[in-house]
Structures are given as C-alpha cells and as structure tokens.
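Scroll down for the structure; my scribbles are underneath it.
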Amino acid sequence: MGELKQYLIDEFVEDYLERKITRRQALRLLVGLTGSLFAATGILAACGPQIAPELGAPTASPSPAPLPTASAQPADPKVGENDPAIRSERV
C-alpha cells in the first residue's frame, strides 16, 4: 500500500473516531480509496470501538455464541498409518 493511501486511510479513520464524520461517510471515503466495501468495513472494525449512532439510541450487542468445550475435539488428533483416505504421490 502506498504511503499516501495509508495516510488517507489513517486520516479518515481518525476523523471517524473523533466523530468529525459519520460511519457512512467514512465507509464511502474508504470504499473510494480501497475499492472494496469488505476492506473498508474491516478497516473501521479493526481501528477502534464502534461508535453509537448520532441519535443517541443505545446499540444492542448480540450475545456471543458459546465456544466449543475442550472435550469436543481430541487434544491430539492422529491419522492411522494405513488409513485408506490418505494418499501420497510425487509432485
């Protein structure tokens, strides 16, 4: 990524975090710069906490999905020496 592009991304994110621009404006600027909505949303998500909407309405955060327990998978999975699903060949 070029230095100018990185500088502009940093400025847009800083303006968003300081509430100088809305999330929508930040996304529009970042999409124009990166060419990707996926990249733009990733940049905003990685650069700081989500700011609540300007209307002051509380944002509901979904409860996280439960993580699988340690006993759900074997600690050290192994493949049998003569497993027919495993093939080896020269490349």
> Among 5-17, 34-46, how do they line up from the highest to the lowest mean number of other beta-carbon atoms within 10 Å?
Replying inline: 5-17, 34-46
> What is the set of long-range amide H partners of residue 21 at a cut-off below 5 Å, with H atoms built 1.01 Å from backbone N?
Replying inline: 16
>> At a 10 Å Cβ-Cβ cut-off, how would you order 31, 91, fewest neighbours first?
In response: 91, 31
>> Starting from 0.36 nm per residue, how many nanometres of slack lie between residue 24 and residue 37 once their C-alpha separation is accounted for?
In response: 3.5 nm
>> What number do you get for the stretch 1-48 when its Cα radius of gyration is normalised by 2.2 N^0.38 Å, N = residues?
In response: 0.99
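Bear in mind these aren't lab numbers, they're just calculated from the coordinates by the rules spelled out. Keep in mind that this is a model prediction, so the values were computed, not measured. Please note: Cβ atoms are built from the backbone with ideal geometry, for glycine as well, and neighbour counts cover all protein chains shown.
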